[in-house]
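Peer 1: Could you have a look at this structure, given as structure tokens, before my questions?
The values are calculated or read from the model by the stated rules, or taken from the named source; none is laboratory data. This one's a predicted model, so the numbers in the text were calculated from it and none came from an experiment. Virtual Cβ from ideal backbone geometry, glycine too; neighbours counted across all protein chains shown.
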Amino acid sequence: MKIIVAIKQVPARDSQLRIAASGKWIEESDVAYEINEPDAYALEAALQLKEKNGGEVIALCAAPERASQTIREALAKGADRALHIDEDMRAFDPLAAARLLAAAIKAESPDLVLTGLQSDDLGYGQTGVILAELLGLPHATLIMQVEIQGAGIRVKRELEDGWFQHVEMPLPALLTIQSGISKLRYATLMGIKKAKTKEVKRFSAADLGAAAGAPGITLDRVYLPERVKHTQLFEGTPKEAAAKLVEKLKFEARVL
């Protein structure tokens with residue numbers, strides 16, 4: 001089984017963000033980067049499937065050169081090889097990003113494509129399902145478990161209020177993986193050594209041809225949210241005022 005896992009490099013959660021002098025992006029020299037958490041779980045799911053059923057796991061990443069560290073991490077954990085689209089993705093909307101990934105995936109003809117449910121930085125939650133449509137693959141989201149079943153797969157989807165759905169799907173297919181489905185592994189010393197010799201195929205968006213599409217977003221300004229103070233007085237009896245306060249805290253402030 002050939003499995004492709006789309007991984008994204010995002011700013012580390014504890015990074016202190018500063019606006020660049022241009023006012024159109026963050027100051028990247030100050031930021032530490034790491035693998036997107038849902039994508040890390042997608043990679044883990046792929047590695048577990050490989051261990052049980054054999055096959056090959058390929059990491060796919062579209063990002064500038066700095067993503068080499070994240071790609072090597074995926075290889076050190078057990079991915080067999082990697083595809084690196086060396087492209088600045090900040091201006092790519094979900095459709096443009098999916099077109100770029102689809103152009104790279106089609107040449108591989110995988111049995112299964114895994115992505116994280118969404119990215120920790122932008123959080124669109126759309127790229128995976130758009131990618132499935134572009135590839136013409138059946139797909140399922142919010143995946144908690146994947147099992148090979150004959151010529152297809154059986155997946156467990158997380159619904160609302162503690163409910164789950166089990167779905168049988170044919171292969172090839174695309175799944176978007178939910179965070180927390182299993183314990184993430186660490187790269188071993190042997191894995192880190194082997195990663196240095198594993199293949200990383202690099203190409204640009206131009207190398208993928210016109211099918212990859214073009215960026216769809218123009219960034220005019222990036223700025224920090226403005227902090228404002230607002231005072232509101234509640235009229236009526238203490239009981240009436242308390243009821244109005246509770247309503248505001250529940251439905252507007254959403255802290256109750």
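Peer 1: Name, by its number, the condition in (1) exposed (fewer than 11 other Cβ atoms within 10 Å of the Cβ); (2) in contact (Cβ under 8 Å) with a residue 24 or more places away in the chain; (3) within 30 Å of ILE19 (Cα to Cα); (4) not hydrophobic (A, V, I, L, M, F, W, C) that does not hold for LYS229.
Peer 2: Exception for LYS229: condition (2).
Peer 1: Next question. Which of the residues that make up the range 198-256 are under 30 Å from GLY78 (Cα atoms) and among the polar types (S, T, N, Q)?
Peer 2: Answer for the range 198-256, where residues must be under 30 Å from GLY78 (Cα atoms) and among the polar types (S, T, N, Q): just SER204.
Peer 1: May I pose another question? Among what's in the range 121-137 and is at negative phi and within 12 Å of the chain's Cα centre (by Cα), pick the residue that is modelled with the lowest pLDDT.
Peer 2: The initial filter retains those residues of the range 121-137 that are at negative phi, namely 121-122, 124, 126-135, 137.
When the remaining residues are screened for being within 12 Å of the chain's Cα centre (by Cα), the result is 121-122, 124, 126-129.
Values: ASP121: 89, LEU122: 86, TYR124: 89, GLN126: 94, THR127: 95, GLY128: 96, VAL129: 96.
Taking the candidates together, the pick is LEU122.
Peer 1: Inside the range 10-43, can you point out the residues that are surrounded by fewer than 24 Cβ atoms within 10 Å (Cβ to Cβ) and in a strand (DSSP E or B)?
Peer 2: VAL10, PRO11, ILE19, ILE26, TYR33, GLU34, listed by residue number.
Peer 1: In the list ALA76, ALA46, which residue meets the criterion of being surrounded by fewer than 23 Cβ atoms within 10 Å (Cβ to Cβ), modelled with pLDDT of 95 or more and either in a helix (DSSP H, G or I) or not aromatic (Phe, Trp, Tyr) (or both)?
Peer 2: Values: ALA46 fails: surrounded by fewer than 23 Cβ atoms within 10 Å (Cβ to Cβ).
Just one listed residue meets the conditions, ALA76.
Peer 1: Among the listed residues ARG66, ARG81, which satisfies the condition of being farther than 17 Å from THR176 by Cβ, modelled with pLDDT of 95 or more and not hydrophobic (A, V, I, L, M, F, W, C)? Before you say what the answer is, go through the steps one by one.
Peer 2: Values: ARG66 fails: modelled with pLDDT of 95 or more.
The conditions single out ARG81.
Peer 1: Looking at the range 162-180 only, could you name the residues that are surrounded by 12 or more Cβ atoms within 10 Å (Cβ to Cβ), part of a strand (DSSP E or B) and not β-branched (Val, Ile, Thr)?
Peer 2: The answer is GLN165, MET169, ALA173, LEU174, LEU175.
Peer 1: Mind listing just one residue for me: the one in the range 88-104 that is touching a residue at least 60 places away in the same chain (Cβ under 8 Å) and assigned to a helix (DSSP H, G or I) and, of those, surrounded by the most Cβ atoms within 10 Å (Cβ to Cβ)?
Peer 2: Ranking the qualifying residues of the range 88-104, first place goes to LEU101.
Peer 1: Let me ask something else about it. Criterion first (under 24 Å from THR141 (Cβ atoms) and of a type in the set (Asp, Glu)) does GLU37 satisfy it?
Peer 2: Numbers: under 24 Å from THR141 (Cβ atoms): yes; of a type in the set (Asp, Glu): yes.
Taking the combined requirement at face value, the residue satisfies it.
Peer 1: Report whether or not LEU184 is among the aliphatic types (A, V, I, L, M), part of a loop (DSSP other than H, G, I, E, B) and within 26 Å of LYS77 (Cβ to Cβ).
Peer 2: On the way: among the aliphatic types (A, V, I, L, M): yes; part of a loop (DSSP other than H, G, I, E, B): yes; within 26 Å of LYS77 (Cβ to Cβ): yes.
Considered against the rule, which asks whether it is among the aliphatic types (A, V, I, L, M), part of a loop (DSSP other than H, G, I, E, B) and within 26 Å of LYS77 (Cβ to Cβ), LEU184 comes out as yes.
Peer 1: Does the range 216-226 contain any residue that is under 28 Å from SER68 (Cα atoms), in contact with a helix residue (DSSP H, G or I) (Cβ under 9 Å, 6 or more places away or on another chain) and in contact (Cβ under 8 Å) with a residue 40 or more places away in the chain?
Peer 2: Checked the range 216-226: at least one residue is under 28 Å from SER68 (Cα atoms), in contact with a helix residue (DSSP H, G or I) (Cβ under 9 Å, 6 or more places away or on another chain) and in contact (Cβ under 8 Å) with a residue 40 or more places away in the chain.
Peer 1: So which pairs qualify, if the first residue must be in the range 169-181 and under 17 Å from LEU117 (Cβ atoms) and touching a residue at least 12 places away in the same chain (Cβ under 8 Å), the second must be of a type in the set (Asp, Glu) and buried (at least 21 other Cβ atoms within 10 Å of the Cβ), the Cβ gap must be under 9 Å, and the two must be at least 6 apart or on different chains?
Peer 2: ILE177/ASP39
Peer 1: Considering every residue within the range 193-215, establish whether at least one is modelled with pLDDT under 85 and touching a Phe, Trp or Tyr at 6+ places or on another chain (Cβ under 7 Å).
Peer 2: Yes - at least one qualifying residue is present in the range 193-215.
Peer 1: Please enumerate the residues belonging to the range 216-246 that are in contact with a Leu (Cβ under 9 Å, 6 or more places away or on another chain) and either closer than 30 Å to GLU27 by Cβ or among the charged types (D, E, K, R) (or both).
Peer 2: Matches in the range 216-246: GLY216, LEU224.
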